[in-house]
Amino acid sequence: MTPPSSPADPVPTSSPKAIREAVGTRKSPAVTPIAFVNAIVRAYAQHGNDPAKALESAQIAPELLTNPTARITAAQMERISGAAMQELDDEGLGWFSRRLPWGSYGMLARASISAPNLGVALRRWCRHHRLITDDITLDLAVNGPTATLTITEHRDLGALREFCLVSVLRNIHGLACWLIDSRIALTGARFAFAAPAHQDVYHVLFSAPAVFQAGRTAIEWDSRYLTLPLRRDEAALRQMLKRALPLTVLPYRRDRLLVQRVRQALVNHPQDTHSADDLAALLNLSARTLHRQLKDEGASLQTLKDEVRQARAIDLLLRSNRPIKQVAQAAGFQNEKSFIRAFKGWTGQRPTEFRLSAHLTP
């Protein structure tokens, strides 16, 4: 289990030695706040250990610890956290009232790997997490289209509270991505604590709108991800537990629900999805990423737009007496002329002709 660190897709890691090897030659921007490093230093103090060796291995100068605006790279964060987990024999890095010996989170992963789908796997993870600590509990709930993973705190986590809660959410999100081999787009992230000075990094860590001083800490995503089958097996798990997966976007370029998410956004927000940029922003993606991922899925944005707009327009023409201009607007077109041109391309008829012929058909 690895603390928050990078502007990459979250991926669970397991071996501190592998972490050091995996990130040794990777370059990344310095965006990780020094506050997370200071949290690890506090964990050393709790265990009565000296963090100097770990700081040196990560090439973090001691003077950075007193600079609240300092940032380090993902590689540096992975190195120091990996060293700390090994030296302290605590995968919780001081968060909880008792240590989590090395292998604790590997045990939870093994209990989840045989699940038939992601929903069952995450529920097992939440249930078994209570066996390794009762300081927090994890709960997965589904409310219609939204799945919510919530953390409930049962004791004061003190100075390590932020580091603990952010790390737990980042890692369960990363595990979920790994299990189904898919990017899971978060739709929201809530935190029970006040916004920290480095709140800007939260958009990088979660790629979703962050709300602070919420009732509880939680992340949300489309509940349809929970129905996806696991794409990893026991052999893949053994391999993952031996070495760190690369903390890059490459493993999760694919979003196995992206086509459905795009179609739903086009249906629900026709006036806010005229351009690829607008739609991509609604989905927390860049326009370039949106087009690339759709291509990977064998789809195109224009085709999806045409499908949704055509279905909406036909439904309105058949079931209502709205003027063509209003039908065009409701179908997501910016003007009547472009709608008529597109509709004739779909059906071979102008909208008025289509409506009339449908009403005349017995």
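The values are calculated or read from the model by the stated rules, or taken from the named source; none is laboratory data. Note that the structure is a prediction, hence the values are computed from the model and not measured. Heads up, the Cβs are rebuilt from the backbone with ideal geometry, glycines too, and the neighbour counts pull from every protein chain shown.
Yes or no, residue by residue, for (1) in the same structural domain as Q86 (by TED's automatic domain parsing); (2) buried (at least 16 other Cβ atoms within 10 Å of the Cβ); (3) at pLDDT below 85; (4) touching a Pro at 6+ places or on another chain (Cβ under 7 Å):
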{"position": "E220", "(1), (2), (3), (4)": "yes, yes, no, no"}
{"position": "S223", "(1), (2), (3), (4)": "yes, yes, no, yes"}
{"position": "L228", "(1), (2), (3), (4)": "yes, yes, no, no"}
{"position": "D233", "(1), (2), (3), (4)": "yes, no, no, no"}
{"position": "L237", "(1), (2), (3), (4)": "yes, yes, no, no"}
{"position": "L241", "(1), (2), (3), (4)": "yes, yes, yes, no"}
{"position": "P246", "(1), (2), (3), (4)": "yes, no, yes, no"}
{"position": "V262", "(1), (2), (3), (4)": "no, yes, no, no"}
{"position": "N268", "(1), (2), (3), (4)": "no, no, no, no"}
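How many of the residues making up region 128-144 are over 22 Å from D90 (Cβ atoms) and not in a loop (DSSP other than H, G, I, E, B)?
Residues of region 128-144 over 22 Å from D90 (Cβ atoms): 139-144.
Subsequent filtering for residues that are not in a loop (DSSP other than H, G, I, E, B) retains 139-143.
Residues flagged as over 22 Å from D90 (Cβ atoms) and not in a loop (DSSP other than H, G, I, E, B) within region 128-144 amount to 5.
Go over the candidates A35, A75, A111, A45 one by one and state the one that is touching a residue at least 24 places away in the same chain (Cβ under 8 Å) and either out of contact with any Ser or Thr (no Cβ under 7 Å at 6 or more places or on another chain) or in a loop (DSSP other than H, G, I, E, B) (or both).
It is A35.
This table checks each residue for (1) closer than 12 Å to R309 by Cβ; (2) assigned by TED's automatic domain parsing to the domain that holds H269; (3) at pLDDT 90 or above.
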position	(1), (2), (3)
V327	yes, yes, yes
G332	yes, yes, no
E336	no, yes, yes
F339	yes, yes, yes
F343	yes, yes, yes
Q349	no, yes, yes
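Scan (1) in a helix (DSSP H, G or I); (2) at pLDDT 95 or above; (3) within 19 Å of F96 (Cβ to Cβ) for the single condition V168 breaks and write down its number.
(2)
Determine if region 96-105 includes at least one residue that is in contact with a Phe, Trp or Tyr (Cβ under 9 Å, 6 or more places away or on another chain), among the small types (G, A, S) and either assigned to a loop (DSSP other than H, G, I, E, B) or under 24 Å from I136 (Cα atoms) (or both).
The answer is no; no qualifying residue exists.
What is the residue count in region 115-136 for residues that are surrounded by fewer than 16 Cβ atoms within 10 Å (Cβ to Cβ) and either touching a residue at least 60 places away in the same chain (Cβ under 8 Å) or outside the structural domain of L237 (by TED's automatic domain parsing) (or both)?
Total satisfying the criteria: 2.
Just wondering, is there one or more residues in region 328-348 that are assigned to a helix (DSSP H, G or I) and in contact with a Ser or Thr (Cβ under 8 Å, 6 or more places away or on another chain)?
yes
What single numbered condition from (1) surrounded by 17 or more Cβ atoms within 10 Å (Cβ to Cβ); (2) modelled with pLDDT of 95 or more; (3) closer than 18 Å to R127 by Cα; (4) not acidic (D, E) fails to hold for R190?
Of the numbered conditions (1) surrounded by 17 or more Cβ atoms within 10 Å (Cβ to Cβ); (2) modelled with pLDDT of 95 or more; (3) closer than 18 Å to R127 by Cα; (4) not acidic (D, E), the odd one out for R190 is (3).
Collect the residues in region 209-218 that are in a strand (DSSP E or B), free of Cβ contacts under 8 Å to residues at least 60 places away in the same chain and either surrounded by fewer than 18 Cβ atoms within 10 Å (Cβ to Cβ) or not small (G, A, S) (or both), keeping them in residue-number order. Full working, then the answer.
Quick first cut of region 209-218, residues in a strand (DSSP E or B) only: 210-211, 217-218.
Those left that are additionally free of Cβ contacts under 8 Å to residues at least 60 places away in the same chain: 210-211.
Of everything in region 209-218, just one residue is in a strand (DSSP E or B), free of Cβ contacts under 8 Å to residues at least 60 places away in the same chain and either surrounded by fewer than 18 Cβ atoms within 10 Å (Cβ to Cβ) or not small (G, A, S) (or both), namely V211.
How do the pairs read when you match residues in region 286-315 that are within 24 Å of A330 (Cβ to Cβ) with residues anywhere that are of a type in the set (K, R), using Cβ under 9 Å and keeping only pairs 6 or more apart or on different chains?
Hits for this filter: L304/R263; E307/R263; V308/R263.
Checking M85 against (1) in a loop (DSSP other than H, G, I, E, B); (2) touching a Phe, Trp or Tyr at 6+ places or on another chain (Cβ under 8 Å), which test does it fail?
Going through the list (1) in a loop (DSSP other than H, G, I, E, B); (2) touching a Phe, Trp or Tyr at 6+ places or on another chain (Cβ under 8 Å), M85 breaks only (1).
Given A45, A52, A58, A30, which one is surrounded by 18 or more Cβ atoms within 10 Å (Cβ to Cβ) and either at pLDDT 55 or above or among the hydrophobic types (A, V, I, L, M, F, W, C) (or both)?
One residue alone meets the criteria, A58.
Which members of region 179-206 meet the condition of being within 9 Å of the chain's Cα centre (by Cα) and in a loop (DSSP other than H, G, I, E, B)?
Of everything in region 179-206, those that are within 9 Å of the chain's Cα centre (by Cα) and in a loop (DSSP other than H, G, I, E, B) turn out to be R183, I184, A185.
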